[in-house]
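Novice: Before I ask anything, let me first share the structure, which is written out below as structure tokens.
Derivation of every value follows stated rules applied to the coordinates shown; laboratory data play no part. Small disclaimer: the values here were computed from a predicted structure and weren't measured. Cβ coordinates were reconstructed from backbone atoms using ideal geometry, including for glycine residues, and neighbour counts include every protein chain displayed.
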There are 2 protein chains.
Amino acid sequence: MHTDLVAALDIGGTKIAGALVDGHGRILLRAQRATPAQEDGDTVMRAVEDVLGELTVSPLWSGARAVGIGSAGPVDASAGTVSPVNVPGWRGYPLVEGVRRATGGLPVELIGDGVAITAAEHWQGAARGHDNALCMVVSTGVGGGLVLNGQLHPGPTGNAGHIGHISVDLDGDACPCGSRGCVERIASGPNIARRALDAGWRPGPDGDTTAAAVGEAARAGDPVAVASFERAAQALAAGIAATATLVEIDIAVIGGGVAKAGEVLFAPLRRALADYATLSFVQRLTVAPALMGTDAGLVGAAAAALTRRNSATAAGV
Amino acid sequence: MHTDLVAALDIGGTKIAGALVDGHGRILLRAQRATPAQEDGDTVMRAVEDVLGELTVSPLWSGARAVGIGSAGPVDASAGTVSPVNVPGWRGYPLVEGVRRATGGLPVELIGDGVAITAAEHWQGAARGHDNALCMVVSTGVGGGLVLNGQLHPGPTGNAGHIGHISVDLDGDACPCGSRGCVERIASGPNIARRALDAGWRPGPDGDTTAAAVGEAARAGDPVAVASFERAAQALAAGIAATATLVEIDIAVIGGGVAKAGEVLFAPLRRALADYATLSFVQRLTVAPALMGTDAGLVGAAAAALTRRNSATAAGV
């Protein structure tokens, strides 16, 4: 008997993944659909309902006590709505209400995808045992989430930890978000690749111009490729140091495709952190690669639902 | 009968203030000494003991249940030590132990001075009723503190909210803290004055070259003075926006001498915030002048002691 099962949803611009997850973070059942990202909002919702339908028909479903959702942002946990940048049909879309209806009225916990990944790394990954942590995904974009005082800090709307859109260069390049010099504008994969190409780096015979290809060139010693990763590392370090200086964290966990470049990113990142994290109380800060794989979003959404359920139980709700 | 009295200490590089404060934040008794900032550590401690001595001889003292300390930083609440930049005799100095001894073993709560001012503004000032707030002091330096989820967030060492030393210009001017382009390096009073002088502003017949004089010139329309305040406002806005994007705050409260410049600072600050606080969940962010006066440090230290006492009571400790 599983008495502490939750359903989890990981909603992105490419796929909608669902799972039944137990109290140990084990995935007992999965379902998935491609996100019909260019369709109208109700069509996207039907893909979510299809995923949930595969879960609810399982005999395991009777043990499910809550639903956790990690969604591409921005989300609004207080209103129960989502407006994922890459899903134009969802703008202020009432996802929580739709999921509650599709699951027979279960309690639903909504958080941003960066917050979900943070919940997973804190529960079972590189941030385990750390009461104050920043977890980041450096990929096509740069996202993140925070653990403070031993607990996930989603913030009132579920978006806290959006480190990709803090400015570390107030006179810097315009960012699509409307601000300037954002961490993402300097450190994301596409920006690492663009900067290398602008500075004269050229891809190999396969024509691969992704950040992964720039990372390979950097490992082989190409100075332009190395410099592009160093600049990304500097922006990440300034952002991580700012976070530590503001809220006191002792570890920054970094995952996502760009983090797979390994020491090409982490070595200059550690050096740059020493430059920007200067006050006594942030000097002990360490960085570590993420440990959770592609299931991080699902496991983290489950963690949020389990935590909410436990605090509700403790409060006698 | 006062059954909920606490003692409060506000320790800075110039003065050491003490008070007995009741559960409504009323100061019932005061004591003060100049800080012998250039003396050895034990001499500075004796000044603290003299302040406490004036409080302990009062008949009111029997109602005191705890001591709250707000100290110039950095502090280390986990170790109970302080290392105020402007008090060289105190480096890792065991202030908490000394205060506990001088007060007959009362519980002692240590926080940084920016955190203390935040506690005061949240309890009785401009952040009252806000569950997520940043409170700042913009003066000779730039300090601050955070309220998250309705509670003060001092962080494990009592230093959280150090917004003056986050970098908003990663290639910017070197800051005495060792980093570059810190908010304080751009927005503090001395930096506002220096930038105006460098750009050709000249003081009036009184020779006053402080930020207050630059502020008067800005109010009178001097374009160089206006530009220096605008640059400070831009750095403050980038820092405030970063904080909101990281932890979700809905108000930034600004006090200190530079904030007294009024609309010369606040008008460009509101404009710059619109540039840097772009994501949907930070757009509702407002800024407001601080309401607590020179007693903010004492009232905030008292608030921290009262809160600690109440949670300890609730936990049956």
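Novice: Counting pairs of alpha carbon atoms under 8 Å apart in space and at least six apart in sequence, what relative contact order in percent does segment B:126-289 give? Present the calculation step by step, with values, prior to reporting the outcome.
Specialist: Details: 309 pairs, mean separation 40.0, N = 164.
24 percent.
Novice: In addition: Out of segment B:116-204, which trypsin sites (Lys or Arg not before Pro) are coil in DSSP terms and have no more than 15 other C-beta atoms within 10 Å? All intermediate terms of the calculation are to be shown ahead of the outcome.
Specialist: Numbers: sites: B:R128, B:R180, B:R185, B:R194, B:R195; in loops: B:R128.
Listed in order of number, the matching sites are B:R128.
Novice: Still on this structure, I have one more. Sort the protein assembly as shown into rounded, prolate or oblate with this rule: let a ≥ b ≥ c be the square roots of the eigenvalues of the Cα gyration tensor; rounded if a/c is under 1.5, and if a/c is not under 1.5, prolate when a/b is larger than b/c, oblate otherwise. Write out the running numbers ahead of the final one.
Specialist: Values: a/c = 1.97, a/b = 1.36, b/c = 1.45.
The shape class here is oblate.
Novice: Give me the distance between the Cα centres of segment B:193-264 and segment A:104-171, rounded to whole Å.
Specialist: Result: 34 Å between the Cα centres.
Novice: How many angstrom lie between the C-alpha centres of segment A:24-63 and segment B:1-42?
Specialist: 59 Å
Novice: Which FRET efficiency, nearest 0.05, do A:A274 and B:R65 yield, Cβ-Cβ r, R0 60 Å?
Specialist: On the way: r = 43 Å, r/R0 = 0.72.
Efficiency at R0 = 60 Å is approximately 0.90.
Novice: Turning to a different aspect of this structure: Find out how many positive minus negative residues lie around A:N132, taking Lys and Arg as positive, Asp and Glu as negative, among other residues whose Cβ is under 10 Å from that of A:N132.
Specialist: Working: positive: none; negative: A:D131, A:E248, A:D250.
Net charge in that neighbourhood comes out at -3.
Novice: If neighbour count is taken as other Cβ atoms inside 10 Å, put B:R308, A:R202 in order from fewest to most.
Specialist: Ordered from fewest to most neighbouring Cβ atoms within 10 Å, B:R308, A:R202 come out as A:R202, B:R308.
Novice: Between A:G293 and the same site in the other copies, what are the distances in nm, shortest first, taking label points 7 Å from Cα along the C-beta direction?
Specialist: Computed spacing set for this position: 6.5 nm.
Novice: Based on the Cβ-Cβ distance of A:R46 and B:D171, what FRET efficiency does E = 1/(1 + (r/R0)^6) give at R0 = 60 Å, to the nearest 0.05? Provide the component values of the computation, followed by the final result.
Specialist: Numbers: r = 49 Å, r/R0 = 0.82.
Efficiency at R0 = 60 Å is approximately 0.75.
Novice: Between copies, how far does the label point of B:V85 sit from its twins, in nm, shortest first, when each point is 7 Å from Cα along Cα→Cβ?
Specialist: Copy-to-copy label distances at B:V85, shortest first: 3.5 nm.
Novice: Could you give, in nm with one decimal, how far B:G63 is from each other copy of that position, shortest first, with labels 7 Å out from Cα toward Cβ?
Specialist: 5.7
Novice: Explain nothing, just the number: dipole magnitude of segment A:61-157 about its Cα centre with +1 on each Lys and Arg Cβ and -1 on each Asp and Glu Cβ, in debye rounded to the nearest 20.
Specialist: Values: 5 positive and 6 negative charges, 46 e Å.
Rounded to the nearest 20 debye, it is 220 debye.
Novice: Cβ under 14 Å from B:E248's Cβ, B:E248 left aside: what net charge do those residues give with Lys, Arg +1 and Asp, Glu -1?
Specialist: Values: positive: B:R284; negative: A:D76, B:D131, B:D250.
Net local charge, B:E248 excluded: -2.
Novice: Note down the Stokes-Einstein diffusion coefficient of segment B:126-289 in µm²/s, whole number, using a Kirkwood radius over alpha carbon pairs, 20 °C, and 1.002 mPa s. Please list the in-between numbers first.
Specialist: Working: Rh = 15.9 Å.
Roughly 135 µm²/s, to the nearest whole number.
Novice: In nm, to one decimal, how far is the A:A220 label point from the B:S78 one, both placed 7 Å along Cα→Cβ?
Specialist: For the pair A:A220/B:S78, the computed spacing is 4.4 nm.
Novice: What's the local net charge at B:G155, with K and R +1, D and E -1, over the other residues with C-beta under 11 Å away? Mind dumping the intermediate values first?
Specialist: Numbers: positive: none; negative: A:D131, A:E248, A:D250, B:D76.
Every neighbour counted, the sum reads -4.
Novice: Right, another one. Sort B:E184, A:E230 by Cβ crowding within 10 Å, fewest neighbours at the top. Could the numbers behind the result be given before it?
Specialist: Details: B:E184 25, A:E230 18.
Fewest-to-most ranking of B:E184, A:E230: A:E230, B:E184.
Novice: Run lengths n ≥ 4 of DSSP H only: what is the helix-derived mean residue ellipticity at 222 nm for the protein assembly as shown, with -39500 (n - 2.57) per run over all residues, to the nearest 500?
Specialist: Details: 18 runs with 236 residues, N = 634.
That comes out to -12000 deg cm²/dmol.
Novice: Please list, by residue number, everything in segment A:137-174 whose backbone N is under 17 Å from a paramagnetic label point 7 Å out along Cα→Cβ of A:D4.
Specialist: A:151-152
Novice: Counting other C-beta atoms within 10 Å, which of A:S188, B:S62 has the fewest, and how do the rest follow? Before the final figure, lay out each step's value.
Specialist: On the way: A:S188 24, B:S62 10.
Placing the least packed residue first, the sequence is B:S62, A:S188.
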